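First up is the structure itself, then whatever we jot down about it.
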Amino acid sequence: MKGKFITIEGSEGVGKTTNINFIVNFLTNHNKEVVETREPGGTAAAEDIRKILLNPDSELIPDIAELLLFFAARSLHLENVIVPALKAGKFIICDRFTDATIAYQGFGRGFDIDRINNIAQWVHADIQPDLTILLDAPAEIGMQRAIKRGEIDRMESEEISFYERVREGYICLAKQYSDRFVVVDANQPLDLVQKEIIMHLKNLLQKN
Ligand code: T5A
């Protein structure tokens, strides 16, 4: 693959959307062709799956259906957006990827991590992010920000302990995959968050 695959991860309201806009501007100003996308979503059909997963009025979605829907959306996204863009040498900036499934469905819901990894292997054996920026903040801070911003979706309606487990899951992943993960303290003023992000992006560009 000629392009670069950058993912942004973190629990609710840590500032992924805010910082993705910033990252896209930074890379565009460095003459990179950038594709901004998100999960679940990124294609018409995957966005339909997103609506089902996030709708607070959805019928009861069993945990296993939730897990498989996230991977179904991912498969559509990989085939139609991510792989073609990487082959064309573009930079993909993706709001969440499989690390989110491990953090939310694995650590949050309690699914066996090896089983999730097996599905991931099946869906995208040869595709892994080149850089994963983990925005880390206490679950309570992120939830307060998300609530302040507006309506709460189905995935934002859990007990606080769920998001604490998600955060813990991300920290474990960052340690396990330290070759591609960087952790940025998202509980500091935005300009400082972005200063750290620039440093990591410059490191990636130097390797390019
Ligand atoms: N999911 C997803 C799974 O369970 N499994 C999976 O496999 C995948 C792919 C997706 C949901 O699906 C789940 C995870 C999610 O629950 P989403 O929209 O992608 O939903 O994720 P959310 O976390 O819900 O995204 P949010 O839009 O709520 O949060 P963001 O994008 O992290 O935060 P953002 O940028 O909107 O910022 C929130 C507020 O905080 C302010 C912003 O201005 C904004 O008002 N803010 C700050 N304030 C102070 N200091 C800072 N440093 C700030 N940074 C941002």
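The values are calculated or read from the model by the stated rules, or taken from the named source; none is laboratory data. Keep in mind it's a predicted model, so treat the numbers as computed, not measured. Note that we place each Cβ from the backbone using ideal geometry, even for glycine, and neighbour counts take in every protein chain shown. Heads up: the accessible areas ignore ligands, DNA and RNA and are worked out on the full protein's heavy atoms, side chains in. Shrake-Rupley method; radii C 1.70, N 1.55, O 1.52, S 1.80 Å.
At-a-glance table
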read-out: Selection within the range 18-42 - open to solvent by 20 Å² or more (accessible area, probe 1.4 Å), within 11 Å of the ligand (Cβ to nearest atom) and among the charged types (D, E, K, R); value: Arg38
read-out: Qualifying position, being acidic (Asp, Glu), touching a Phe, Trp or Tyr at 6+ places or on another chain (Cβ under 8 Å), open to solvent by 40 Å² or more (accessible area, probe 1.4 Å) and in contact (Cβ under 8 Å) with a residue 40 or more places away in the chain, among Glu168, Glu158; value: Glu168
read-out: Some residue of the range 93-104 being part of a loop (DSSP other than H, G, I, E, B) and either more than 11 Å from the ligand (Cβ to nearest atom) or at pLDDT below 95 (or both); value: no
read-out: Residue identified as in contact with a helix residue (DSSP H, G or I) (Cβ under 7 Å, 6 or more places away or on another chain) and open to solvent by 40 Å² or more (accessible area, probe 1.4 Å) among Ala45, Ala73, Ala88; value: Ala45
read-out: Which listed residue, of Arg180, Arg109, Arg154, is farther than 19 Å from Phe22 by Cβ and more than 10 Å from the ligand (Cβ to nearest atom); value: Arg180
read-out: Qualifying positions in the range 53-67 - away from the ligand (no atom under 12 Å from the Cβ) and among the charged types (D, E, K, R); value: Asp57, Glu59
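For (1) under 26 Å from Gln206 (Cα atoms); (2) in contact with a Lys or Arg (Cβ under 7 Å, 6 or more places away or on another chain), each residue gets a yes or a no:
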| position | (1), (2) |
| --- | --- |
| Asn21 | yes, no |
| Phe26 | yes, no |
| Ala45 | no, no |
| Asp57 | no, no |
| Ile61 | no, no |
| His77 | no, no |
| Phe91 | yes, yes |
